[in-house]
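Each value in this text was obtained by applying a stated rule to the coordinates, not by laboratory testing. Nothing here was measured: the structure is a model prediction, and the numbers come from that model. Virtual Cβ from ideal backbone geometry, glycine too; neighbours counted across all protein chains shown.
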Amino acid sequence: MESKAVARYIGSSPRKMRLVVDLIRGKSVGQALSILHFSPKHAAKDAEKAVRSAVANIMNREDVGKVDEESLFVKEIFVDGGPMAKRVLPAPQGRAYRIRKRSNHITVVVATKE
């Protein structure tokens, strides 16, 4: 049994988020949550929220009922790029530099060990 959660339009770059997400791929849910909770990276908060959402989704399914959190693991987790907000920064000699404020989407799939 598996469940999915998607966190969209997160305000950090996909590259920074992938560093955090790569730490928990394939780990058990308890281990993944503890890694994310004590990680100093800012992106870890949003990743932890997405993992908790996926766990809640599998708990709330009608056909499953109560699932032990010890038997769950992060089957799949990946980061896609979201829309970019484009801004302009004044530069020397009348020029303007473009700043691209990136965003991302996280997809988490949690499954039971069988």
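Working out 0.36 nm times the residue gap between residue 2 and residue 23, then minus their Cα-Cα distance, what length gain in nm do you get to one decimal? Before the final figure, lay out the partial values.
Values: separation 21, 0.36 × 21 = 7.56 nm, distance 2.04 nm.
Gain in length upon complete extension: 5.5 nm.
Determine which lysines satisfy two conditions relative to residue 113: a Cα distance under 22 Å, and not lying fewer than 8 residues away in the same chain.
Partners found: 4, 27, 49, 66, 75.
Under a cut-off of 19 Å between alpha-carbon atoms, report the aspartates and glutamates in cross-link reach of residue 41, not counting same-chain residues fewer than 8 places apart.
Partners within reach: 22, 80.
Which of 48, 76 has the fewest other C-beta atoms within 10 Å, and how do the rest follow up to the most?
76, 48
Starting from one equal scatterer on each C-alpha and no solvent at all, send me the Debye-based log10 I(q)/I(0) for region 2-112 at q = 0.11 Å⁻¹, two decimals.
The computed values of log10 I(q)/I(0) come out as -0.41.
Give, in nm to one decimal, the length gained when the segment between residue 68 and residue 100 is fully stretched (0.36 nm per residue of separation minus the Cα-Cα distance). List each step's numbers first, then the result.
On the way: separation 32, 0.36 × 32 = 11.52 nm, distance 4.27 nm.
Here the segment from residue 68 to residue 100 would lengthen by 7.2 nm.
Please provide three numbers in whole Å: the alpha-carbon extents of region 64-113 along the principal axes, with the largest listed first.
64, 15, 13 Å, listed from the longest principal axis down.
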